[in-house]
1. In which sequence would Val328, Val701, Val299 go, from the one with the fewest C-beta neighbours within 10 Å to the one with the most?
2. What percent antiparallel are the DSSP beta bridges of the chain, to the nearest 5?
3. Show me, for the range 792-799, the HN-Hα J-couplings you get by feeding each phi into the Karplus relation (A = 6.51, B = -1.76, C = 1.60, θ = phi - 60°), rounded to Hz, glycine and proline as x.
4. May I ask you to sort Thr421, Thr358, Thr217 by Cβ crowding, counting other Cβ atoms within 10 Å and putting the fewest first?
5. Note down, for the range 358-483, the three equivalent ellipsoid semi-axes (square root of 5 times each alpha carbon gyration tensor eigenvalue), biggest first, whole angstrom.
6. Using a simple charge model, +1 on the beta-carbon of Lys and Arg, -1 on the beta-carbon of Asp and Glu, nothing else, what dipole does the range 5-54 show about its Cα centre, in debye to the nearest 20?
7. Rounded, prolate or oblate: which fits the range 642-696 when a ≥ b ≥ c are the square roots of the eigenvalues of the alpha-carbon gyration tensor, with rounded for a/c under 1.5 and prolate only if a/b beats b/c?
8. Take the alpha-carbon positions of the range 143-202, form their convex hull, and give its projected area averaged over all directions (one quarter of the hull surface) in nm².
Amino acid sequence: MEWQSLTKEDCAKKLGTNMKTGLSSGQAAERLKKYGRNELQQPKRRSLLLRFLAQFSDFMVIVLLIAAGISFITSFLEHNNDYIDSIIILFIVTMNAIIGLVQESRAEKAIEALKKLSSPHAHVIRGGEEQRISASELVPGDLVILREGDLVPADLRLIEAVNLKAEESALTGESLPSEKRADCICAADTPLGDRYNLLYSTSSIAAGHGKGIVTATGMDTHVGKIAHMITNQSAPQTPLQKKLAQTGHWLGSGALVICLIIFIMGLFQHIPPIEMFLISISLAVAAIPEGLPAVVTIVLAIGVRRMAANRGIVRRMPAVEALGSASVICSDKTGTLTQNRMSVVELRDASGPVEIQTEKGRQILDLASLCCNCTVSGKTIHGDPTEVAIVAVAPTEKNRLDAQFPRIREIPFSSERKMMTTVHRLSGGRFRIIAKGAPDILFTHCTSGAARQNEEMASRALRVIGVAYRDVDVLPEKPEEIEQNLIFCGLIGMIDPPRPQVKSAVELCKKAGILPVMITGDHAATAAAIAKQLGILEGKKRVITGSALDALSQKELEKNIYDYTVFARVSPEHKVRIVKAFQAHGEVVAMTGDGVNDAPALRAADIGCAMGISGTDVAKAASDVILTDDNFATIVAAVREGRGIYENIKKTVHFLLSCNIGEILTVFVGFLLRLPTPLLAIQLLWVNLVTDSLPALALGVEPIDKNIMNRKPLKPNESIFSGGMGYNIIVEGCLIGTLSLLAYSIGRIYFDLDPSAPVIGRTMAFAVLSLSQVVHTFNMRSTRSIFEAGIFANPKLVLAAIACVALQLAVIVIKPLSVIFKTSMLTGYQWLIVASLSFIPLAVVEIEKAITFRNSNHRL
Ligand code: ATP
């Protein structure tokens, strides 16, 4: 259908809708059934089986399975009992794959849920009432309301357009917004970019407002038809994931070399090649930390779910790490630091205060009310909070005013212009121009002003709006001429109290080494007064205005950026300069934004935070994080979560790598000493793929350390192994390895009857390796003593530890299992030795923590 060549009335008729009241809810429900949801078809998810098989795609695991297969066939042919080994290997690898699959699905679900939370909405008129619905519920014929910053939710035919401009670059390649009109008709063969009366899904409203009727939804839209062009991009990896993948490769190559050496040495010791091959491959599977990036993915996914519950929805994963290193938070004032609940408290004219009930008071408020875009239905007023406050106190009801003085033109408000003008028809063919806006700007359009009164009000933290007007016989054509020679009428002062949580959040920022900065379109004095109340403006810090900022070059701004914590009367484009100036000093900057023009700053910032309530779709699409409650305190909470997630990743990596080193060392040193292998292939695999992975996952969900915000932000490029972690991993790995070897030697020398088949020695090494790692998990919990951090503070870890100990005991004390795992029942005395050795890592790390803590206290 060529909708562009039909009149809007014909379109409405063809689509069976009413241009005033839209569809009824019954019609909408029926059409939803008929046309389906307004969604682009997602590529099909891989089946469970495929995802399960993908868990085996690691090269080393495949080699292991092949080796196990060969071992199975040879033992079968030779009629010996060793083929059980191969079956057990398959069993252990399968168990590991199941754990992997469950974790992966949980991570995917968390991300899926996040996507849903940040999915777009649309404003429609149904049954004559404005409703906010999920964009996926739109149906052909729906009457959609469009406002600046909205993403166009489906293909639409415009029926109303006020200064409407749409950004259609995704479809037409044209980066400048194109003008849109409702009353024109285009030829059927008009190219897409010139169809002024149509809007296409995925474009956005750059300016103005209007209404349109949905002509197509979902796969029937223009983008739906070219959907194959939109490739399904996989989530970008975070810098840490990339770095860990690199580290994993590096360590993996090292492990592989060691495995090769062990294999060759084993051959020299006349161990059957297939058995030796199994041992070295099992060691390789165990020791190569190829799972590191996966661990990060899981910890990240669990963390972002926790963050979403705390009202911060992460749209891009890398932002989580940036949150952990955030060092500057630039925040809008209105609505983020304050409640955005305005109430008019004072009126003034050039000579001083004016009572609301007086003639002058009525004039100021009624004029301002006429120049507002709110809609009033019954007792409720919808619209911009500043305007709602005005309309709520205006003595004459807005609908009556609008009927008496019909509006014929509007020059809209924007954060750049900071004023808005409307033109109304008066009786007798004359016109009234009414302007309202930031007083200092408005005065430049007036014949006179009231600067002193404005300053006085602003210094008391009031948000001040000036009102001016002019009656004319002939309306000038150009907007600049309309907004000239206005007569100043009065000032409206409103309060917008700070949000209650913000003061303590600002306090917390400072403790955490984060600089809180206020960025606002409001007057310098108003901004300063509120910033002082909140603790943002303190000591030598100063306020700078947008015009003063314009006078500075970017170099000068960079040099002086730390002088200021309040940026007042700024426009969205100043935000980009501020972000860049801080970034030039290596700061990691979080920046808030809500409007269309904030998108570049949100993109430039390391963490772009869009407002969930007041934010436009465009700002949300450009952001990394959406604050569902628009609150500054939520950013600070997200930073805390970001730091917590990083800590948990660090703990998990630390744990896994130190265990890997312990395992490789046990086997390697055993071979170097020309001893029979201290651990068998299945024992190695068991420890690594089963008993290790449970506590590692539990470490990933550690509760956040209560002192986490007393530290400085993480340095963005700092290695995860810095701060002594690399050293600790090696020392602790060596300790675990030494203890296992010690257990092996004790068992072999003192208890085994045949030292060439050291069953007890192996059992003791196997038990110490596994149990000392369980004990070691508790070392990871905190940099402080575990007795201070609490042994039972993470119930999941306690459960994982109990499960591991139970599983480990099972493969030693339960008869059929001990046969399979080639272990032997230990005596009470032997168990005592195993237990004592297993607890040594706890004692050693506790002593080390005590020494480090004392040293750091000395330094303070
Ligand atoms: P922030 O940037 O912190 O959200 P803000 O809401 O004050 O602060 P803007 O919305 O850019 O920033 O507003 C700038 C100024 O424009 C305000 O201080 C006010 O004087 C004026 N103003 C705000 N809203 C309107 C409006 N609807 N009509 C006319 N003038 C307005």
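Every number here is computed from the coordinates shown, using simple stated rules; none is lab data. Being a predicted model, the structure only gives us computed values, none of them experimental. Note that each Cβ is placed from the backbone with ideal geometry, even for glycine, and that neighbours are counted across all protein chains shown.
1. Ascending Cβ contact count within 10 Å gives the list Val701, Val328, Val299.
2. Looking only at bridges with both residues in the chain, the antiparallel portion is about 75 percent.
3. Residue by residue, the range 792-799 yields 9, 5, 10, x, 5, 5, 4, 4 Hz.
4. Listed from fewest to most nearby Cβ atoms, that is Thr358, Thr421, Thr217.
5. They are 21, 20, 14 Å, listed largest first.
6. Value, rounded to 20: 300 debye.
7. In terms of gyration-tensor shape, oblate.
8. 4.0 nm²
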